[in-house]
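Beneath this line is the structure, given in structure tokens, with notes to follow.
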Amino acid sequence: MDLGDVRGKAAWVRDRVSALRAEIGRAIVGHAEIVDGVLTCLACGGHALLEGVPGLGKTTLIKSLGRVLDLPTSRIQFTPDLMPADIIGTNVLVQEAEAGGGGRLVRFQRGPVFACIVLADEINRATPKTQSALLEAMAEMQVTVAGTTYRLAPPFFVLATLNPIEMEGTYSLPEAQLDRFLFKVVLGYPSQADLQQIIGSTTGAAQPTIAPVFTRDEAPARIEALRALVREVLVAPPLEAYAAALIRATMPPVSKFAPSGPAVLPPDDHVAKYVSFGSSPRGGQALLLGAKVGALLDGRVNVTYDDIDRVARPALVHRLILNFAAVADGIEPGTIIERILHAARPLRR
């Protein structure tokens, strides 16, 4: 690998990501970490899950991303009566003039999943059966209908919003669905200064305009090149072992799925007491890919421990399945992740 060439490309990545941040910032006030998390998912080729109470700008952020990339964007409003065919499409009987004097043909009518950027708005309002319609698309970039497989055009990127309140009429996301998201990012309330800027900029006569950073013709190739570059960032074996140790530490030591062999980190009391299921290997992939993006944005071609720690929370928070004891005691997945990171400090050498 030509490190000089990769460093030159890393400078290009920083410039383009800075331009993306600046344009998105015209419509989104604050939430810098959230914007970075979404852009990291895009660079990794993963998908993002955004959680926050209504009105914090989740949908605006996603729509702004579609504008700056100038890519085909679709929006799916998830509701309890939404069906899988409403997402992926279905075969329909159509009248065709060219089919032998106005005969009928069965034709596949594509659903809104056939777009480069797909906004799954309030995904937890649909039934688990409908939510699962995205599984194949998110994992394999294809959908299968009536035995026929249809490929999705790259770059395919799903951004889903999750409403944590109004639990009536909502459904928990299946664990397999959650695991398909590279990151889960949580939007908090804005600060006093950000709140003042938001209400001032959104109630005046002038509305923010967003200019595309890429043209529609060049965006797919540019994003695919970025994703390939992320894979070239170097990760030393000790850092791979560190990421694996973090994932192993999320797995409860007493369960029928408990891993065999000794663990690098001693078992955490909170994991044993509150965690039903730990992270899958996809969590480790999310750690390293997210860390590689962080390294590139910092002008480096190698991952550090800080890069891994920085993405640990969004990469793992949705992959820990807690039990009823955790709910009763008010324990959040983020608390357990912070405990694991603290216990892993001696491994950083």
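The values are calculated or read from the model by the stated rules, or taken from the named source; none is laboratory data. These figures come from a predicted structure and were not determined experimentally. Neighbour counts are summed over all protein chains in view; Cβ atoms, including those assigned to glycine, are modelled from backbone coordinates with ideal geometry.
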### Message
Conditions first: (1) under 20 Å from the mean Cα position of the chain (by Cα); (2) outside the structural domain of residue 344 (by TED's automatic domain parsing). Residue 210 passes all but one, so which condition is the exception?
### Response
(1)
### Summary
Counting only strands (runs of 3 or more DSSP E) wholly inside segment 126-185, the ones holding at least 2 residues that are loosely packed, with under 15 Cβ neighbours inside 10 Å are 142-145, 148-151
### Query
So is residue 69 touching a helix residue (DSSP H, G or I) at 6+ places or on another chain (Cβ under 6 Å) and not basic (Lys, Arg) or not?
yes
### Task
Can you confirm whether segment 239-256 contains a residue that is part of a loop (DSSP other than H, G, I, E, B), acidic (Asp, Glu), surrounded by 12 or more Cβ atoms within 10 Å (Cβ to Cβ) and out of contact with any Ser or Thr (no Cβ under 7 Å at 6 or more places or on another chain)?
no
### Task
Note down all Cβ pairs under 7 Å where the first residue falls in segment 48-64 and is touching a residue at least 24 places away in the same chain (Cβ under 8 Å) and under 22 Å from residue 177 (Cβ atoms), the second is outside any strand (DSSP E or B) and among the charged types (D, E, K, R), and they're at least six residues apart or on different chains.
50/58; 52/58
#### Entry: All positions within segment 272-324 that are assigned to a loop (DSSP other than H, G, I, E, B), surrounded by 19 or more Cβ atoms within 10 Å (Cβ to Cβ) and either in the same structural domain as residue 36 (by TED's automatic domain parsing) or more than 21 Å from the chain's Cα centre (by Cα) (or both)
301
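Filter segment 186-209 down to residues that are buried (at least 18 other Cβ atoms within 10 Å of the Cβ), out of contact with any Gly (no Cβ under 6 Å at 6 or more places or on another chain) and part of a loop (DSSP other than H, G, I, E, B), then give me how many there are.
First pass over segment 186-209, keeping only residues buried (at least 18 other Cβ atoms within 10 Å of the Cβ): 186-187.
Narrowing further to those that are out of contact with any Gly (no Cβ under 6 Å at 6 or more places or on another chain): 186.
Applying the additional criterion that residues be part of a loop (DSSP other than H, G, I, E, B) yields none.
Number of matching residues: 0.
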